[in-house]
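Read-outs throughout are calculated quantities, based only on the coordinates presented, and are distinct from any laboratory measurement. Keep in mind the model is a prediction, meaning the values are calculated, not measured. Using ideal geometry, Cβ is built from the backbone for each residue, glycine included, and neighbour counts are taken over all protein chains shown.
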Amino acid sequence: MKKLLCMSLVALMAATTLAGCGSKKGESSNATEGEKRVLKVAAFEGGNGGDIWKNLEKAFEEENKDVDVQLQLSSKLDEELRPQMLNGEYPDVVYYNMGQKSGFTETMIKEEALLDISDVFTGDLKDKLAEGFAENAITQPYGDGKTYLAPIFYSPTGLWYDASKFEDGKVPATWDEMWAYGDKLKAEGKALFTYPQSGYFDGTLFAMLYQAGGSDYYKKALEYDTNTWNSKEGQLVIDTVAKLSKYTWDATVANANSDGGFKKNQQAVIDGDVAFMPNGNWVVGEMSESTPENFKWGFMPLPAYEKGGDRYAYTFFEQVWAPKEGKNHDDAKAFIKFLYSDKAVDLMLANKVQNKDGQMVAAPVVQPIKGIVNKLDGDMKLFYSIYETEGVLPALGNWATTDTIEGLDFKKAVYGAIDSLVDESMTADAWKAQLNDTFAKCKAALK
Amino acid sequence: MNKRKSQRRFIFACMAPAVILITIFMAIPTFNVFRMSLYKWGGISNNKTFQGLKNFKILIKDQNFLQSIQNSILIITLVTIITLAIAVFFAAILTQEKLKGQNFFRVIFYIPNILSIVVISAIFGAIYDPQSGLLNSVLGFLSLDNLKRMWMGDPNIVIYSLIFALIWQAIGYYMVMYMASMASIPDSFYEAAGLDGAGKVKQFFVITLPLIWDNIRTTLTFFVISTINLSFLMVQIMTSGGPNGQTEVFLSYMYKQAYTSSAYGYGMAIGVVVFSFSFILSAVINKITEREALEF
């Protein structure tokens with residue numbers, strides 16, 4: 001009797017080890033629930049907050065009474081979506097950017113797992129979108145004219161500074177004026193330049209390439225043209241960055257690499273220790289807690305190479321896409337189209353996020369449609385009007401998509417080396433060799 | 001005969017839960033890692049292409065990987081040797097000297113081990129801060145300005161900053177273990193040795209060390225495994241691989257390849273190498289330190 005009891009208890013114990021092994025096979029993933037069609041939207045909850053997506057969900061459901069939007073908001077969206085997708089559950093629309101550590105969107109692009117949404121950007125919407133946003137290497141990653149990612153929330157990037165330091169408005173407009181100003185600052189024990197993290201150099205590098213060689217050179221460079229760095233334009237860019245690294249604040253690298261340390265570099269500009277840093281307008285909201293009341297941000301494109309030359313500001317935008325394996329393609333496309341409607345645009349401009357004291361502060365996000373500048377005011381109008389200034393042009397685009405290249409860490413090879421230029425553990429020539437080597441590998445693996 | 005059989009069945013049933021758990025959560029995933037390293041895969045969808053040993057061929061020539069091996073070996077070696085020496089030393093003092101407040105010190109030394117590695121990284125991030133960090137501020141206060149450094153920025157010393165943080169975290173754990181095994185050594189040995197004229201130091205090397213040798217051998221395996229794991233966590237938070245790969249370790253490189261670079265199969269190949277490396281290293285260490293067990 002005792003033995004029987006013992007054995008059954010042991011068997012029960014053995015069975016409980018399998019308790020956690022259930023899988024969610026029971027869910028019938030129909031795209032309809034009752035009367036309404038289901039649209040699954042997965043959105044990353046980041047600096048712009050999650051409220052905007054809740055508002056968009058409500059607005060879309062109002063206009064489309066036969067659709068039920070199921071919103072999945074998470075600040076760790078990639079970690080949630082990976083196992084879901086491996087299990088066969090795909091959302092219909094995803095808001096998750098390229099350039100994240102998890103490389104989630106890049107992986108989806110490399111695996112050709114995205115839905116072709118070219119037909120969303122035709123007709124009215126095509127005319128409504130600002131120039132260049134519908135056709136560039138980010139939204140059309142395979143270079144075949146088909147759009148796979150939708151551009152949202154754009155932001156011009158450039159050099160940010162403390163406006164009060166330039167009361168007379170005489171900001172350096174050429175690189176020579178920058179170096180002169182940098183020498184003056186060195187004498188005062190301050191630094192000319194810092195950067196939050198070496199990855200923020202992407203916008204700067206793109207703009208420099210564009211400025212050095214014009215639009216043809218730039219487009220070829222994005223496709224890893226072998227001549228990019230060997231030409232005189234490429235050398236100009238390398239020399240400029242190398243010289244800039246000599247004027248960079250020495251605590252930059254130490255702060256840049258630690259988690260959250262990039263904010264210290266940004267704070268240095270607010271505190272007056274450093275003059276310029278490359279960034280986008282999200283920095284205003286990001287640093288709002290530690291910025292004094294009367295601080296005024298100044299924003300300018302990169303200095304020109306010579307007097308009267310073109311100046312470029314790279315435009316950064318975020319992306320929305322639809323997985324091929326999502327069940328509801330039609331409503332996914334309708335939702336993406338909806339993001340550019342007047343209603344959605346107004347909701348985005350009115351967006352608020354909660355700051356650490358629990359108060360709601362304005363954090364408008366801007367859609368790349370023509371004439372949007374007229375709807376902005378105050379500082380936002382100033383930042384977004386950058387392209388209305390004489391001689392300032394927008395740079396758009398990204399490195400062309402390649403197949404997976406094992407053993408290559410692109411960001412580290414191209415931008416991470418700048419850290420080594422700053423702490424002088426690498427020479428400009430060594431960086432050039434590394435760039436050539438990286439470009440050769442990427443060109444061989446172009447999709 | 002029947003009794004033996006039923007005894008066997010009973011033993012088998014008792015072991016079943018543990019065996020099942022180990023199979024499902026350790027053996028099968030390890031086998032999967034080995035299997036996935038033979039494919040070229042992005043990690044999300046189901047398009048895999050069989051590559052054979054291609055990933056490994058690329059791995060051998062990968063300079064970044066070689067750098068991460070160097071860094072990992074440096075970290076493991078230094079952390080093991082220094083922590084071992086300091087932990088044994090402190091354990092000996094605390095057991096031998098019968099200091100007042102022995103328990104109090106035990107608690108203080110053990111606290112770093114309880115702290116989550118995220119907290120420790122944050123603490124050291126603040127200490128090493130070049131502008132307002134504790135270290136540079138104290139040096140400035142003592143007028144030792146020329147010793148000030150960019151602890152996390154200077155490529156030559158950033159890895160030693162990490163090693164120091166790892167040592168600080170590990171000392172308590174091993175010290176407590178050694179104290180436990182030292183406490184079981186009878187006092188009579190020390191008294192007899194003292195009568196024979198042996199000083200404290202001699203007693204330590206001749207009596208204490210050989211008698212806790214087995215314990216030290218076990219902890220050497222712990223050192224290897226936990227250093228590999230903790231160095232990954234610390235690198236992720238404090239340096240992300242550091243200025244141009246100076247603090248890249250095995251696992252952080254594997255993460256970057258598997259996720260950020262979408263080369264999941266390649267990341268798994270790195271995983272295979274890490275697994276084999278730690279296995280072989282532990283086996284080698286075990287063999288080298290083998291001695292006749294001393295009974296007392």
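Would you list A:Ser164, A:Ser258, A:Ser385 from fewest to most Cβ contacts within 10 Å? Could the numbers behind the result be given before it?
Numbers: A:Ser164 11, A:Ser258 24, A:Ser385 15.
Ranking A:Ser164, A:Ser258, A:Ser385 by Cβ neighbours within 10 Å, fewest first, gives A:Ser164, A:Ser385, A:Ser258.
So what is the relative contact order for chain B, in percent, with contacts set as C-alpha pairs under 8 Å and at least six apart?
Details: 302 pairs, mean separation 85.8, N = 296.
Relative contact order comes out at 29 percent.
Just from its helices, what would the mean residue ellipticity at 222 nm be for the protein assembly as shown, if runs of 4 or more DSSP H residues each count -39500 (n - 2.57) and the sum is divided by every residue, rounded to the nearest 500 deg cm²/dmol?
Numbers: 29 runs with 371 residues, N = 743.
Calculated at 222 nm, the ellipticity per residue is -16000 deg cm²/dmol.
Just the number, please: Stokes-Einstein D of region A:154-259 in µm²/s, Kirkwood Rh from C-alpha pairs, 10 °C, 1.306 mPa s.
Working: Rh = 15.5 Å.
It comes out at roughly 103 µm²/s.
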Review point. Are there GluC sites (Glu not before Pro) in region A:55-92 that DSSP marks as loop and that have at most 16 other Cβ atoms within 10 Å, and which are they?
Key: A:Glu89
Practice item. Could you let me know the centre-to-centre spacing of region B:82-99 and region A:312-345, using Cα atoms, in angstrom? Key: 63
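Quick check on the exposure proxy: order A:Thr16, A:Thr315, B:Thr30 from fewest to most C-beta atoms within 10 angstrom. Kindly include the intermediate steps, with their values, before the conclusion.
Details: A:Thr16 10, A:Thr315 26, B:Thr30 13.
Going from least to most buried by this count: A:Thr16, B:Thr30, A:Thr315.
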Revision key, fill the gap. Expressed in µm² per second, the diffusion coefficient of chain B from the Stokes-Einstein equation, with Rh the Kirkwood radius over alpha carbon pairs, at 37 °C and 0.692 mPa s, is 145
Revision key, fill the gap. Summing +1 per Lys or Arg and -1 per Asp or Glu among the other residues with Cβ less than 13 Å from B:Gly133's Cβ gives +2
Revision key, fill the gap. The rounded separation in angstrom of the Cα centers of region A:151-166 and region B:20-78 is 42
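Given the pairs A:Lys184/A:Lys296; A:Lys146/A:Lys324; B:Lys57/B:Lys287, which span a C-alpha to C-alpha distance of over 24 angstrom in this model? Mind dumping the intermediate values first?
Working: A:Lys184/A:Lys296 22 Å; A:Lys146/A:Lys324 14 Å; B:Lys57/B:Lys287 30 Å.
From A:Lys184/A:Lys296; A:Lys146/A:Lys324; B:Lys57/B:Lys287, over 24 Å: B:Lys57/B:Lys287.
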Practice item. Based on the mean of other Cβ atoms within 10 Å per residue, sort peptides A:404-412, A:2-10, A:226-234, B:104-112 so the most packed one is first. Key: A:404-412, A:226-234, B:104-112, A:2-10
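Of the cross-linked pairs A:Lys54/A:Lys337; A:Lys58/A:Lys352; A:Lys219/A:Lys333; A:Lys126/A:Lys352, which ones have a Cα-Cα span greater than 20 Å in the structure shown? Please report the intermediate quantities before stating the final value.
On the way: A:Lys54/A:Lys337 17 Å; A:Lys58/A:Lys352 16 Å; A:Lys219/A:Lys333 29 Å; A:Lys126/A:Lys352 29 Å.
Pairs exceeding 20 Å: A:Lys219/A:Lys333; A:Lys126/A:Lys352.
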Review point. To the nearest whole number, what is the average tally of beta carbon atoms from other chains within 10 Å of the beta carbons of peptide A:409-416?
Key: 4
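Just need the relative contact order of chain A here, percent rounded to a whole number, with Cα pairs under 8 Å and 6+ apart. Write out the running numbers ahead of the final one.
Details: 670 pairs, mean separation 109.3, N = 447.
Worked out over chain A, it gives 24 percent.
Can you say what percent of the DSSP beta bridges in the protein assembly as shown, counting only those with both residues inside, are antiparallel? Round to 5. Don't skip to the answer; put the middle values down first.
Numbers: 28 of 47 bridges.
Counting DSSP beta bridges with both partners in the protein assembly as shown, the antiparallel share is about 60 percent.
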Check your understanding: Peptide A:103-111: average number of partner chain Cβ atoms within 10 Å per residue?
Key -> 6
Exercise for review: Could you calculate, for region A:378-445, the ratio of the Cα radius of gyration to the Kirkwood radius, expressed as Rg to Rh?
Suggested key: 1.16
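Under the classification rounded if a/c is under 1.5, otherwise prolate if a/b is larger than b/c and oblate if not, where does region B:104-173 fall, given a ≥ b ≥ c as square roots of the Cα gyration tensor eigenvalues? Kindly include the intermediate steps, with their values, before the conclusion.
Details: a/c = 2.31, a/b = 1.71, b/c = 1.35.
Prolate, because a/c is 1.5 or more and a/b exceeds b/c.
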Practice item. Please work out the Cα center distance from region A:392-447 to region B:219-296, rounded to the nearest Å. Key: 28
Exercise for review: Please give every one of the aspartates and glutamates within straight-line cross-link reach of A:Lys375, meaning a C-alpha to C-alpha distance under 12 Å, and leave out same-chain neighbours fewer than 8 residues apart.
Suggested key: A:Asp342, A:Asp346
Review point. What nm value, rounded to one decimal, do you get for the distance between B:Ile285 and B:Lys57 when each label is placed 7 Å out toward the C-beta?
Key: 3.5
Point to revise | Calculated on alpha-carbon atoms, Rg and Dmax of the protein assembly as shown in Å | key: 30.2, 102
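Of B:Met238, B:Met152, A:Met13, A:Met300, how do they rank once you tally other Cβ atoms within 10 Å and put the fewest first?
A:Met13, A:Met300, B:Met238, B:Met152
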Check your understanding: How well do other chains shield peptide B:254-265, expressed as the mean number of their Cβ atoms within 10 Å of each residue Cβ?
Key -> 6
Point to revise | Those lysines that a straight Cα-Cα span of less than 25 Å connects to A:Lys2, excepting residues fewer than 8 apart in one chain | key: B:Lys3, B:Lys5
**Study point:** Per residue Cα convex hull volume in Å³ - calculated over region B:165-296
**Key:** 128
**Study point:** Of the trypsin sites (Lys or Arg not before Pro) in region B:134-220, those whose Cβ has at most 15 other Cβ within 10 Å and which sit in DSSP loop
**Key:** B:Lys148
Practice item. Return one number: the angle in degrees, 0 to 90 and rounded to the nearest 10, between the long axis of the Cα atoms of helix A:175-187 and the longest principal axis of the Cα atoms of chain A. Key: 90
